[in-house]
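**Student:** My questions will all concern the structure given below.
The values are calculated or read from the model by the stated rules, or taken from the named source; none is laboratory data. Just so it is clear, the model here is predicted, and its values are computed rather than measured. Virtual Cβ from ideal backbone geometry, glycine too; neighbours counted across all protein chains shown. In case anyone asks, the SASA skips ligands and DNA or RNA and just uses the protein heavy atoms, side chains included. Shrake-Rupley method; radii C 1.70, N 1.55, O 1.52, S 1.80 Å.
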Amino acid sequence: MSDLVVECRRVTRVYGDDGVAVRALQGVDFRVAKGEWAALAGPSGSGKSTLLHLVGGLDRPTDGTVVVDGEQLNDLSESQLSDLRLRKVGFVFQAYNLVPVLSAVENVEFIMQLQGVEPAQRRERALSVLDQLGLSDIGERRPGELSGGQQQRVAVARAIVTEPVLLLADEPSANLDSATTLELLALLRAINEERGVTIVTATHDPIVMGHASRRVLLRDGRIESDEVMSSPAWHA
Amino acid sequence: MKLTLLVQLSWRNLWRHRRRTVILLTTICVAVGSVLVLNALLRGMQMSMVETAIDNLNGHFKVLAPGYLDDPGITKSFELEPSGIPGLSAEGIRGWAPRVRVPAVIRSERETRGVQFVGIVPGSEDISFLGDVDVDGEYLSGPDDRRILLGHALAEQLETGVGRRVVLITQGADGGNRESGYRVAGVYDAVGTGIEKAFVFTGLATVQDLLSVDAVTEVSVRLTEEARGPSVLGDLTNTFDGLDVRTWQDLEPQAAMMHEMADATVSIWFLIVMGALIFGLVNTLVTAVMERIRELGMLRAIGMRRGAVIAQVVIESMITMVIGISTGVVLGLLGFAWLAEGIDLSAFAEGLELTGLRPELVPQLWAQDVFLVVVLSLVLGFLASIYPAHRAVRVQPLDAMRR
Ligand SMILES: Nc1ncnc2c1ncn2[C@@H]1O[C@H](COP(=O)(O)OP(=O)(O)OP(=O)(O)O)[C@@H](O)[C@H]1O
Ligand SMILES: [Mg+2]
């Protein structure tokens, strides 16, 4: 139990209590162990994003409990949730991950500034992460001067520089071509394997699912299947 | 440390739309600059009016016998110690002038006019407009001078001039008429023709002789500085127990009212200009927030606190105001320096004489006014950011992903 990073119990999320209620999640039990990469799959509207948001402390369940790294999210106030997101969760969204007026390095530094990391350390860590992700030469550019794939990789750098217990990515490859998607996935794979960062992704993309260590299929707000991949595609 | 981050972010965001920001800054700059220049002009006008009111034989304070204002005449007079004003400390007082002022009729060979006949101590009149008045002919030599000084406009009406004789008739303390002839020593030029037509001057002792009294009807007191007013007023009231001590505002209620109106005009102008400006600022800030909804949602999602989002908008507003205000103050100072020599209004001299304004308007820029404009602008800049900040903080973290 202690190496569970995410533990959702009988989680229900209903949107719009007046008029027609949409039951986005209906009593989902979902656990993620440390070091896993779980890919949430399923048709559009099945509740992937909803579940991801609940796990990341961006939304609250209508019913049920969510525990992240031992913290019961239901008990946390708005600002405590905000702090949890800042300190324990790294986010990579589909788009608009970066602050347009800051350069790539500054974007990576920014989150450490929010955390209150010493200035000297900040720059060093930001440069080192960009270096490890092969982004050193674009560090000074602003997001507008980067390709979609580069932007997503900078977003990954931003998400992992704080060494979060959990990395969440919602359709990270939606705006990327397949070659760039493969690069991004290789990066996530390395982060997952080498750094032991736990990852949860929500995606339609079979390539993304192929890279995960576990595939959770959602349908109509319920988990339909949950399988550990014996031989992830990236090994082939 | 977090603040430097927010300042940096706000600063960069401010320049995201260079043109919009430049237009906004220019507007603030021009508004602040124009408010300061207008302020300086109004102050100049205001002070010129006060100077005129004080110069026109009022002084800051005037000591009068009770009832003189309702029924001026030698019966409403009082005696002075030969040594001057007893027991009054000289501190805060620039000078004082005793006078006998009585209503009289002046007659030349051709015309007759009603005037105020005023006996003065010429050497003491440096506290009034007589101190540096332009005189054709000669100024009075002393309190015993038996000649008279009359205004240019009156001399024209009477068709008389320097060296000619006129007759003055007034009423003695006993109610009987006193009449005497005087030679014109000089003809003076005052700021308004009203003054020139109203006052005929001679030596103090000359009028006292004519009326067979030792008394005076008024003592004007001029301060070294306005701030001394209250303490000197207290001293005067004690010293001249039983007499009336009036301020220039009591004596010139119209000038006093215009003085106060100038204050109000400055504030109203400031509020109108700044009100329009703040409207523009709020508008720009709201637009900037709406443009950045995704970014703000993303920042909130990755863990930026609500307070930091609010601070970001407030800082952006304050940076805008600080730049706009400082360039505006520079603009205002330049405008002031350009006008500092004074503006020649002699083209409007006729109209101005009625208001008691001098034909030259010298602007005055007061540190306290600049300070007030700066502080109020900053406060308004802060207030202007409240609503946009509120809009920004309403953005939910999930908004970043939905669109
Ligand atoms: N804010 C909301 N208000 C109302 N209904 C919502 C809201 N967000 C999601 N839903 C509904 O909840 C259900 C699940 O949505 P969710 O976004 O989790 O699906 P998804 O699996 O991520 O779909 P997609 O693959 O299209 O991203 C959908 O029917 C959706 O319309
Ligand atoms: Mg989704």
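**Student:** If Lys and Arg each add +1 and Asp and Glu each add -1, what is the summed charge of the other residues whose beta carbon sits under 13 Å from the beta carbon of B:H17?
**Tutor:** Numbers: positive: B:R12, B:R16, B:R18, B:R19, B:R20, B:R292; negative: B:E291, B:E316.
So the environment of B:H17 carries a net charge of +4.
**Student:** Roughly how many Å² of B:S34 are accessible to a 1.4 Å probe, to the nearest 10?
**Tutor:** The accessible area of B:S34 comes to roughly 50 Å².
**Student:** Run through the DSSP bridge list for the protein assembly as shown and note the antiparallel percent, rounded to the nearest 5.
**Tutor:** Details: 65 of 91 bridges.
Percent antiparallel among DSSP bridges in the protein assembly as shown is about 70.
**Student:** Another question, then. Hey, what number do you get for the protein assembly as shown at 222 nm if only DSSP H runs of n ≥ 4 count, each worth -39500 (n - 2.57), divided across all residues, to the nearest 500?
**Tutor:** Helix contribution divided over all residues of the protein assembly as shown: -14500 deg cm²/dmol.
**Student:** Taking Cα atoms, how many degrees apart are the long axis of helix B:229-239 and the longest axis of chain B, rounded to 10 and kept between 0 and 90?
**Tutor:** Tilt of helix B:229-239: around 30 degrees.
**Student:** Would you please give the residues with an amide H less than 5 Å from that of A:G90, counting only those at least 5 places away or on a separate chain, with H modeled from the backbone geometry?
**Tutor:** A:L166, A:L167, A:L168
**Student:** Normalise the Cα radius of gyration of the stretch B:57-250 by 2.2 N^0.38 Å (N = residues in it) and let me know the number.
**Tutor:** For the stretch B:57-250, the normalised Cα radius of gyration comes out at 1.01.
**Student:** Would you mind pulling out the separation of the Cα centroids of the stretch B:143-215 and the stretch B:1-69, in Å?
**Tutor:** Cα centroid of the stretch B:143-215 versus Cα centroid of the stretch B:1-69: 46 Å apart.
**Student:** Let me ask something additional. Could you give me the ³J(HN,Hα) list for the stretch B:43-54, computed from phi with Karplus coefficients 6.51, -1.76, 1.60 and θ = phi - 60°, whole Hz, x at Gly and Pro?
**Tutor:** 4, x, 5, 4, 5, 5, 5, 5, 3, 4, 4, 6
**Student:** Spelling out what I want: for every residue of the stretch A:184-197, take phi, set θ = phi - 60°, compute 6.51 cos²θ - 1.76 cosθ + 1.60 (Karplus), and round to whole Hz; glycine and proline get x.
**Tutor:** 3J(HN,Hα) across the stretch A:184-197, in whole Hz: 4, 5, 4, 4, 4, 4, 5, 4, 5, 7, 7, 9, x, 6.
**Student:** In percent, how large is the relative contact order of the stretch A:91-203, given Cα pairs closer than 8 Å and 6 or more residues apart? Before the final figure, lay out each step's value.
**Tutor:** Values: 141 pairs, mean separation 39.7, N = 113.
Answer for the stretch A:91-203 is 35 percent.
**Student:** Still on this structure: Within 10 Å of each Cβ in peptide A:94-102, how many partner chain Cβ atoms are there on average? Round it to a whole number, please.
**Tutor:** 6
**Student:** Separate question: To the nearest 10 degrees, how steeply does helix B:2-14 sit against the main Cα axis of chain B, on a 0 to 90 scale?
**Tutor:** That helix lies at roughly 80 degrees to the long axis.
**Student:** State, as an integer percentage, the relative contact order of the stretch B:57-250 based on alpha-carbon contacts under 8 Å between residues 6 or more apart.
**Tutor:** 36 percent
**Student:** OK, next. I need the peptides A:34-41, B:173-180, B:282-289, A:63-70 ranked by packing, meaning the mean over residues of other C-beta atoms within 10 angstrom, with the highest value on top.
**Tutor:** For the peptides A:34-41, B:173-180, B:282-289, A:63-70, the packing ranking is A:34-41, B:282-289, A:63-70, B:173-180.
**Student:** Magnitude of the Cβ-charge dipole of the stretch A:4-235, K/R +1 and D/E -1, about the Cα centre, nearest 20 debye? Before the final figure, lay out each step's value.
**Tutor:** On the way: 24 positive and 32 negative charges, 43 e Å.
Rounded to the nearest 20 debye, it is 200 debye.
**Student:** Between A:R60 and B:I169, how many nm apart are label points set 7 Å from Cα along the C-beta direction?
**Tutor:** Distance between label points: 9.9 nm.
**Student:** Using a 10 Å cut-off on Cβ to Cβ distances, tally the other chain neighbours for every residue of B:291-303 and report the average as a whole number.
**Tutor:** Per residue, the average neighbour count from other chains is 6.
**Student:** May I pose another question? Go through the stretch B:247-254 residue by residue and turn each phi into a ³J(HN,Hα) via Karplus (6.51, -1.76, 1.60, θ = phi - 60°); whole Hz please, and just put x for glycine and proline.
**Tutor:** With coefficients 6.51, -1.76 and 1.60, one gets 8, 5, 5, 5, 7, 10, x, 5 Hz.
**Student:** Compute, for A:I191, the solvent-accessible surface of its heavy atoms (probe 1.4 Å) with the complete set of protein chains present, and express it in square angstrom to the nearest 10.
**Tutor:** Per-residue accessible area (A:I191): approximately 10 Å².
**Student:** In terms of solvent-accessible area of protein heavy atoms at a 1.4 angstrom probe, what is the ranking of B:H60, B:H152, A:H204, B:H259, highest value first?
**Tutor:** If we order B:H60, B:H152, A:H204, B:H259 from most to least accessible, we get A:H204, B:H152, B:H259, B:H60.
**Student:** Could I ask something else about it? Would you tell me the mean number of C-beta atoms belonging to other protein chains that fall within 10 Å of each C-beta in A:58-70, as a whole number?
**Tutor:** Per residue, the number of nearby Cβ atoms from other chains is 1 on average.
**Student:** Additional query: Check the protein assembly as shown and count each lysine pair with an alpha-carbon distance under 26 angstrom, considering only pairs eight or more places apart or from different chains.
**Tutor:** Details: A:K34/A:K48; A:K34/A:K88; A:K48/A:K88; A:K88/B:K2; B:K62/B:K76; B:K62/B:K197; B:K76/B:K197.
Value for the protein assembly as shown: 7.
**Student:** Now a separate question. For B:D344, B:D263, write out the residues from largest to smallest accessible area, computed with a 1.4 angstrom probe and no ligands counted.
**Tutor:** Putting B:D344, B:D263 in descending order of accessible area: B:D344, B:D263.
**Student:** Now for a different question. For the residue pair B:E159 and B:M47, what label-to-label distance in nm results when each label sits 7 Å from Cα along the Cα-to-beta-carbon direction?
**Tutor:** The answer from the label model is 4.6 nm.
**Student:** Next question. So for A:R195, A:R87, what's the accessible-area order with a 1.4 Å probe, most first?
**Tutor:** Greatest to least solvent exposure: A:R87, A:R195.
**Student:** Using the Cα centre of the stretch B:63-208 as the reference point, and only Cβ charges (+1 on K/R, -1 on D/E), how large is the resulting charge dipole? Debye, rounded to the nearest 20.
**Tutor:** That gives a dipole near 400 debye.
**Student:** Taking Cα pairs under 8 Å and at least six residues apart, what relative contact order does the stretch A:4-235 come out at, in percent?
**Tutor:** Taking the mean separation of contacting Cα pairs over the length of the stretch A:4-235, I get 29 percent.
**Student:** How many angstrom lie between the Cα centre of the stretch A:73-141 and the Cα centre of the stretch B:288-337?
**Tutor:** 23 Å
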